[in-house]
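> First, the structure itself, so that you have it in front of you.
The values are calculated or read from the model by the stated rules, or taken from the named source; none is laboratory data. Source: prediction; values computed, not measured. Cβ: placed from backbone, ideal geometry, glycine included. Neighbour counts: every protein chain shown. Quick note on the areas: whole protein, heavy atoms, side chains included, nothing else; ligands and nucleic acids left out. Shrake-Rupley method; radii C 1.70, N 1.55, O 1.52, S 1.80 Å.
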Amino acid sequence: MSSFVSRISRLTSSSKHYVALALRSSSSFPPLRSHSTTSSSSSSGDRLLSWSRAVLPLAVAGSAAFALSLDLLPVPSSCDPGLDHRVGGKGSTEVLVQGSHKEVPKEFIDELQAICQSNMTLDYDERYFHGKPQNSFHKAVNVPDVVVYPRSQDEVQKIIKTCNKFKIPIVPYGGATSIEGHTLAPHGGVCIDLSLMKAIKSLHVEDMDVVVEPGIGWIELNEYLKPYGLFFPLDPGPGATIGGMCATRCSGSLAVRYGTMRENVINLQVVLGDGDVIKTGSRARKSAAGYDLARLLIGSEGTLGVITEVTLRLQKLPQHSVVAMCNFRTIKDAADVAIATMLSGIQVSRVELLDEVQVKAINLANGKNLPEVPTLMFEFIGTEAYAREQTLLVQKIVSEHNGSDFIFVEDSDAKKELWKIRKEALWACFAMAPGFEAMITDVCVPLSRLAECISKSKQLLDASPLLCTVIAHAGDGNFHTVILFDPSKEDQRREAERLNHFMVHTALSMEGTCTGEHGVGTGKMKYLEQELGVGSLRAMKRIKSVLDPNNIMNPGKLIPPHICI
């Protein structure tokens with residue numbers, strides 16, 4: 001029956017065309033030619049052809065009318081079933097992510113056991129841990145029913161085929177450092193923890209690329225690459241894995257120089273929702289062969305498949321680097337210097353902005369005595385002469401924009417200490433308010449609007465009773481806010497959500513995005529319709545319905561539940 005309705009739906013979509021065609025006079029049809037060679041048969045053939053020309057439009061009209069009558073019947077649309085579509089959809093203010101749940105059959109567990117052997121668990125504590133993101137306030141009504149730890153692409157494929165057979169939801173799991181609820185399991189199901197798949201499969205020094213499994217962390221990878229004079233330039237939070245970094249299309253402080261994950265992945269191998277294994281390209285640095293499937297899958301957040309192998313573009317370790325720091329009276333002055341630096345054409349590798357609240361948190365957590373004012377941090381790389389030249393050019397820009405206390409360091413330990421301060425900023429915030437949760441959000445705007453966007457957001461943040469800090473990758477218009485609140489007080493959570501909402505809508509009003517690098521997950525779904533439009537979201541849903549026909553891959557994420565096709 002469903003196949004029949006599908007066919008009729010396709011017919012209905014073009015029925016207006018056929019009705020119009022049928023209402024034309026029969027003379028509009030091209031004349032039909034008789035192939036008979038006798039005069040008698042020709043005469044009867046003419047009568048037959050005349051009758052057919054008269055009846056054909058009526059037949060077409062009749063079939064079209066039948067199709068139109070069926071169009072009056074309710075035809076199910078493809079939306080996320082069993083969900084309150086206000087949750088996670090446009091205008092949602094809910095935090096607890098809803099989801100339907102069905103019991104996992106014993107037969108399914110037995111099949112998983114045969115695949116994974118001892119590398120799976122039904123232990124509640126493990127399931128709860130995997131169902132609650134480490135540094136995110138997002139929560140779901142359910143946790144995974146089972147956690148599996150595959151050791152190979154072959155095992156991942158078998159697991160996905162089994163889940164597809166039983167229509168059991170899957171949540172891929174990397175380093176669990178994501179912010180927007182990507183690893184929640186609102187429908188229960190299977191959590192595929194990829195931490196055992198962390199091999200470096202091959203390194204090609206002369207080609208400056210490396211092939212790795214998804215479970216390896218970027219920090220571990222760079223330790224391995226260092227003796228070869230190479231490094232992978234993306235640097236999100238400590239603990240992030242390459243697979244998760246691909247899934248969320250992450251970036252980090254070096255993106256201003258080297259680009260995001262999108263620009264640094266050469267090839268992927270992925271197991272799709274139906275169990276098919278695909279590769280998206282070769283090891284060539286560029287290709288014009290077919291659709292760019294790698295860019296489709298980077299940022300898909302586990303909704304299309306599980307990444308099992310990644311080929312990464314590498315960079316040479318810088319010959320020399322200089323790290324600089326300077327202070328400003330206002331956050332707008334600091335943002336203006338970041339913009340002026342980028343417009344000058346100076347090749348900075350990092351431009352990081354911290355507001356005075358964040359600097360205070362760093363002082364308290366690390367026993368520092370930094371001036372508690374808006375602060376910019378820079379890194380310059382290249383030859384020793386080039387890096388110093390760029391440093392002095394930026395110092396001049398800073399002096400022209402009300403900056404002060406410009407210092408720079410070249411000693412290796414001193415540079416590490418400065419960047420350690422920046423990397424541990426989040427933990428410093430938590431140290432200011434023990435027991436509190438953080439609503440961590442990020443937006444990104446065109447560079448020319450950065451100062452205005454940060455200034456507007458900062459005014460509201462400063463007026464709030466909540467403790468809020470601002471950190472920015474100022475060189476590419478991306479900034480983050482950490483909003484701390486007491487989870488036991490609903491009014492504080494709603495205030496945090498109000499601040500987040502204001503930041504996002506301010507960015508969107510400036511032709512920006514609701515997320516520069518954290519991704520969508522469950523937390524940013526409600527803003528996608530305003531940013532991308534319904535048409536784009538329907539296109540995404542159609543793509544997912546083809547690559548994941550049973551909707552088992554991380555359901556309830558990325559695509560708002562109210563979007564139907």
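> Determine the pairs where a residue that is farther than 10 Å from ILE179 by Cα, located within the stretch 431-444, has a partner that is open to solvent by 20 Å² or more (accessible area, probe 1.4 Å) and in a strand (DSSP E or B) with Cβ atoms under 9 Å apart, the partner being 6 or more residues away or on another chain.
Short answer, once both residue conditions are applied: MET432/LEU467; ALA433/LEU467; PHE436/LEU467; VAL443/THR513; CYS444/THR513.
> So, one more: Would you confirm whether any residue within the stretch 163-172 is without any contact (Cβ under 8 Å) to a residue 40 or more places away in the chain, over 20 Å from CYS250 (Cβ atoms) and not basic (Lys, Arg)?
Checked against the condition, which is being without any contact (Cβ under 8 Å) to a residue 40 or more places away in the chain, over 20 Å from CYS250 (Cβ atoms) and not basic (Lys, Arg), the stretch 163-172 yields no hits at all.
> If you check every pair at least six apart or on different chains, which have Cβ atoms under 8 Å apart with a residue in the stretch 184-201 that is farther than 13 Å from HIS101 by Cβ and free of Cβ contacts under 8 Å to residues at least 60 places away in the same chain first and a residue that is aromatic (Phe, Trp, Tyr) and part of a loop (DSSP other than H, G, I, E, B) second?
Sorted first by the residue in the stretch 184-201, then by its partner, the pairs are SER195/TYR149.
> Since LYS396 meets every condition but one in (1) in a helix (DSSP H, G or I); (2) farther than 15 Å from ARG422 by Cα; (3) open to solvent by less than 50 Å² (accessible area, probe 1.4 Å); (4) without any contact (Cβ under 8 Å) to a residue 60 or more places away in the chain, which condition does it not meet?
LYS396 satisfies all of (1) in a helix (DSSP H, G or I); (2) farther than 15 Å from ARG422 by Cα; (3) open to solvent by less than 50 Å² (accessible area, probe 1.4 Å); (4) without any contact (Cβ under 8 Å) to a residue 60 or more places away in the chain except (3).
Residue by residue, here is whether (1) within 18 Å of the chain's Cα centre (by Cα); (2) over 28 Å from GLY99 (Cα atoms); (3) not small (Gly, Ala, Ser) holds:
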residue	(1), (2), (3)
CYS468	no, yes, yes
VAL482	no, no, yes
ARG494	no, no, yes
ARG498	no, no, yes
THR513	yes, no, yes
GLU529	yes, no, yes
GLY533	yes, no, no
ALA539	yes, no, no
LEU547	yes, no, yes
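> Can you tell me which residue among LYS423, LYS368, LYS360 is among the basic types (Lys, Arg) and either more than 30 Å from LYS524 (Cα to Cα) or open to solvent by less than 60 Å² (accessible area, probe 1.4 Å) (or both)? Reasoning before the result, please.
Details: LYS423 fails: either more than 30 Å from LYS524 (Cα to Cα) or open to solvent by less than 60 Å² (accessible area, probe 1.4 Å) (or both); LYS360 fails: either more than 30 Å from LYS524 (Cα to Cα) or open to solvent by less than 60 Å² (accessible area, probe 1.4 Å) (or both).
Going through LYS423, LYS368, LYS360 in turn, just one is among the basic types (Lys, Arg) and either more than 30 Å from LYS524 (Cα to Cα) or open to solvent by less than 60 Å² (accessible area, probe 1.4 Å) (or both): LYS368.
> If VAL520 meets every condition in (1) in contact with a helix residue (DSSP H, G or I) (Cβ under 8 Å, 6 or more places away or on another chain); (2) open to solvent by less than 20 Å² (accessible area, probe 1.4 Å); (3) not in a loop (DSSP other than H, G, I, E, B) apart from one, which number is that one?
That leaves (3) as the condition not met.
> Something else: Is it the case that some residue within the stretch 541-558 is open to solvent by less than 50 Å² (accessible area, probe 1.4 Å) and within 24 Å of LYS423 (Cβ to Cβ)?
No - not one qualifying residue is present in the stretch 541-558.
> Restricting to the stretch 463-516, and then to whatever is among the hydroxyl-bearing types (Ser, Thr, Tyr) and assigned to a helix (DSSP H, G or I), can you tell me which residue is surrounded by the fewest Cβ atoms within 10 Å (Cβ to Cβ)? Show your work before the answer.
Of all residues in the stretch 463-516, those among the hydroxyl-bearing types (Ser, Thr, Tyr) come to 464, 469, 481, 488, 506, 509, 513, 515.
Keeping just the survivors that are assigned to a helix (DSSP H, G or I) gives 506, 509.
Details: THR506: 20, SER509: 13.
It comes out as SER509.
> Okay, next question. Consider GLU263 against the criteria (1) in contact (Cβ under 8 Å) with a residue 60 or more places away in the chain; (2) open to solvent by 40 Å² or more (accessible area, probe 1.4 Å); (3) farther than 29 Å from VAL148 by Cβ: it satisfies all of them except one. Which criterion is unmet?
Unmet for GLU263, out of (1) in contact (Cβ under 8 Å) with a residue 60 or more places away in the chain; (2) open to solvent by 40 Å² or more (accessible area, probe 1.4 Å); (3) farther than 29 Å from VAL148 by Cβ: (1).
> Just checking, how many residues over the stretch 489-525 are basic (Lys, Arg) and touching a Cys at 6+ places or on another chain (Cβ under 9 Å)?
Step one: list which residues in the stretch 489-525 are basic (Lys, Arg), which gives 489, 493-494, 498, 524.
Applying the additional criterion that residues be touching a Cys at 6+ places or on another chain (Cβ under 9 Å) yields 524.
Selection size over the stretch 489-525: 1.
> Anything in the stretch 132-156 that is at pLDDT 95 or above and assigned to a strand (DSSP E or B)? List them, or say none.
Passing the criteria: VAL146, VAL147, VAL148.
> Can you tell me which residue within the stretch 413-430, out of those that are of a type in the set (Gly, Ala, Ser) and modelled with pLDDT of 90 or more, is farthest from VAL394 (Cα to Cα)?
If we filter the stretch 413-430 for residues that are of a type in the set (Gly, Ala, Ser), which is where we start, we get 414, 425, 428.
Right, trim to modelled with pLDDT of 90 or more and you get 414, 428.
Working: ALA414: 20, ALA428: 28 Å.
Restricting to residues being of a type in the set (Gly, Ala, Ser) and modelled with pLDDT of 90 or more, the top hit is ALA428.
> When the stretch 305-359 is examined, which residues are found to be of a type in the set (D, E, K, R), within 19 Å of GLU372 (Cβ to Cβ), out of contact with any Lys or Arg (no Cβ under 9 Å at 6 or more places or on another chain) and in contact (Cβ under 8 Å) with a residue 40 or more places away in the chain? If you could, list the steps in order and put the result at the bottom.
Of the stretch 305-359, the ones of a type in the set (D, E, K, R) are 309, 313, 316, 329, 332-333, 336, 350, 352, 355-356.
Keeping just the survivors that are within 19 Å of GLU372 (Cβ to Cβ) gives 329, 332-333, 352, 355-356.
Now restrict to residues that are out of contact with any Lys or Arg (no Cβ under 9 Å at 6 or more places or on another chain): 329, 333, 356.
Correct list: ARG329, ASP333.
> Then there's this: Only one of these conditions is not met by LYS416: (1) open to solvent by 70 Å² or more (accessible area, probe 1.4 Å); (2) in a loop (DSSP other than H, G, I, E, B). Which number is it?
(2)
> Please identify the pairs in which a residue from the stretch 529-542 that is under 13 Å from THR513 (Cα atoms) and assigned to a helix (DSSP H, G or I) has its Cβ atom under 8 Å from the Cβ atom of a residue that is charged (D, E, K, R) and open to solvent by 70 Å² or more (accessible area, probe 1.4 Å), counting only partners at least 6 apart or on another chain.
GLU529/LYS90; GLN530/LYS90
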